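Only one structure is covered here, and it is reproduced in the block below.
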Amino acid sequence: MSKDLIGYGIILEQLKAKIKSARLKAILTVNTELLKIYWEIGDIISAQEKEGGWGSKIIEKLAKDLRFEFPEMKGISPRNLRYMRDFSIAYPRFLILQQLAAKLENSDNQEDVIVQQFAAKLPWGHHQVLLTKLKNFEERCFYIHKCVENGWSRNVMEHQIESGLYRAQGALINNFKSTLPIGQSELTSIKFSLNKFNIEKLLLEFWF
């Protein structure tokens, strides 16, 4: 093999690595922004249900009006709006922590910071499963951690929930303070996002 071909092979592998890294960063950025707007929508709905007397008919009207304004944006069904509401209730400090993460490194409630930053790394479909199947906060935190640590797909996560992994292991390893730093885990663990389908799906959900 000539020196030129050897050099080409090295350059090709370097470019592949750069593209994969850039794609992953793009996925994480889009995913976080999607979760942030979903949280904001959910928080407003939750507040209006408590203070403004909103019911199911208002939620259906809101979904219809939003779909009319943003026809390309997926995920604005009445059912998904209710998931957004539940998401904001499950993680009441989610938006604040994403905006002020750098200032919260020395927070007294460091575990809460880590949990909700890990939650920002999971695709929306994972959160729908977590909100549907798990009502216990500690159990939900356990599966969030395991997803980020192992790069579980939604189907794998759902299988682990149904098989009772938390009951078998939760008491032993449910410790967010002993995990990889956020920045390090961010680029090494989200294996389920490294494909074209997920990029396109995220962009379709967030198309506006």
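Assuming 0.692 mPa s and 37 °C, estimate D for the stretch 1-76 with Stokes-Einstein, Rh taken as the Kirkwood radius over Cα pairs, in µm²/s. D, rounded to a whole number, is 200 µm²/s.
Restricting the GluC sites (Glu not before Pro) of the stretch 29-84 to loop positions (DSSP other than H, G, I, E, B) with no more than 14 neighbouring Cβ atoms within 10 Å leaves GLU72.
Since every read-out is calculated from the coordinates, none of them should be taken as a lab result. As the structure is a computational prediction, the values presented were derived from the model and not from experiment. Here the Cβ is made from the backbone with ideal geometry for all residues, glycine too, and neighbour counts use every protein chain on show.
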